[in-house]
Amino acid sequence: MADDDIVIRVRGLKNSFGEQVVHEGLDLDVRRGEIMGVVGGSGTGKSVLMRSIIGLQVPDEGEITVFGEPTIDLEENEAVEIRKRWGVLFQGGALFSTLTVAENVEVPIKEFYPGLNPALLDEIASYKVVMTGLPADAGPKYPAELSGGMRKRAGLARALALDPELLFLDEPTAGLDPIGAAAFDELTLSLQRTMGLTVFLITHDLDSLYAICDRVAVLADKKVIAVGTIDELIALDHPWIEEYFKGPRGRAAVATQEAGTGKAGAD
Ligand SMILES: Nc1ncnc2c1ncn2[C@@H]1O[C@H](COP(=O)(O)OP(=O)(O)OP(=O)(O)O)[C@@H](O)[C@H]1O
Ligand SMILES: [Mg+2]
């Protein structure tokens, strides 16, 4: 596959905290325009992997390129240029609680484009708020005044503030009820389709994996042990993968999809 088609390339990644080695010899390619699901047991290093890719965690070893540019040890001006091209919804999705939703969305815009005309800033923020399915009157509200699902959408609006090409989502549907999670999945899928986004989606939600991921990467034993469509992964005959996708929760997710009431179709 041409290098242009690989948006994220990770080779030989090693991360450790003191004695604890979290990643060793981890490789991963994420293709342009795909939704790549990332799964693995709790503590296997999914969030650390994402932090490494976006340059917040400096690895012990390895190479990481995003859009063909290395993200490790960048000069500040290079880091700013590349950070403009991606949006991130961190696990927990923390919004600034003392800022309104619109002000939260404006944070990255102000950071990268200081001095932008306030009227234009307002307009961009309102547009992003509506784009994520929030009512227009959510803009002036504070995070504490929103439901959990609305807060996730507000976090997504902030991640989309700069019209990124690449979106990182760390457990975006955790804590949402099934209907809210389904609606969020549908939103992710429609944004990916309309904006041509590449999405790096960490999730424990099997319904999300089935409904919206093009491929799934499985983290175990400090590395990505397999990447493929869910059908390809199941065919691998790996005990953890088998248990994950074919256990009771996996079967329930398949049944949901087959019944045509898949989350991605719900509203
Ligand atoms: N800043 C840090 N300092 C020390 N240890 C850390 C740090 N960040 C992560 N770790 C450790 O690295 C391991 C992987 O953490 P990580 O947050 O990536 O897990 P995860 O796969 O995202 O888990 P979860 O599904 O629960 O979110 C954990 O054992 C964690 O305690
Ligand atoms: Mg995590």
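The table below gives the values:
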| read-out | value |
| --- | --- |
| Any hit, the stretch 223-238, residues being surrounded by 19 or more Cβ atoms within 10 Å (Cβ to Cβ), closer than 24 Å to ARG9 by Cα, at pLDDT below 95 and within 16 Å of ligand 2 (Cβ to nearest atom) | no |
| Complete set of residues in the stretch 153-191 that are in a loop (DSSP other than H, G, I, E, B) and either within 16 Å of ligand 1 (Cβ to nearest atom) or more than 22 Å from ILE54 (Cβ to Cβ) (or both) | GLU171, PRO172, THR173, ALA174, GLY175, LEU176, ASP177 |
| Helices (runs of 4 or more DSSP H) contained entirely in the stretch 1-117, each with at least 2 residues that are away from ligand 1 (no atom under 16 Å from the Cβ) and farther than 21 Å from ASP214 by Cβ | 76-83, 101-112 |
| Flag if THR194 is more than 16 Å from ligand 2 (Cβ to nearest atom), among the β-branched types (Val, Ile, Thr) and farther than 29 Å from TYR244 by Cα | yes |
| Every pair of residues 6+ apart whose Cβ atoms lie under 8 Å, when the first sits in the stretch 154-172 and is farther than 9 Å from LEU89 by Cβ while the second is of a type in the set (Asp, Glu) and away from ligand 1 (no atom under 16 Å from the Cβ) | ALA161/GLU106 |
| Selection from the stretch 133-153 of residues that are of a type outside the set (Gly, Ala, Ser) and surrounded by 19 or more Cβ atoms within 10 Å (Cβ to Cβ) | LEU134, PRO143, MET150, ARG151, LYS152, ARG153 |
| Residue that is within 13 Å of the chain's Cα centre (by Cα) and surrounded by fewer than 21 Cβ atoms within 10 Å (Cβ to Cβ), where the choices are ALA220, ALA174 | ALA174 |
| Scan of the stretch 18-30 for residues that are touching a Lys or Arg at 6+ places or on another chain (Cβ under 6 Å) and within 16 Å of ligand 2 (Cβ to nearest atom), ordered by number | HIS23, LEU26 |
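Residue-by-condition table, conditions (1) within 29 Å of SER190 (Cβ to Cβ); (2) more than 16 Å from ligand 2 (Cβ to nearest atom); (3) under 20 Å from the mean Cα position of the chain (by Cα):
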position: ARG32; (1), (2), (3): yes, yes, yes
position: ARG51; (1), (2), (3): yes, no, yes
position: GLU61; (1), (2), (3): no, yes, no
position: ASN77; (1), (2), (3): no, yes, no
position: LYS84; (1), (2), (3): yes, yes, yes
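The values are calculated or read from the model by the stated rules, or taken from the named source; none is laboratory data. These figures come from a predicted structure and were not determined experimentally. Don't worry about glycine lacking a Cβ; one is built from the backbone with ideal geometry, like all the others, and counts go over all protein chains shown.
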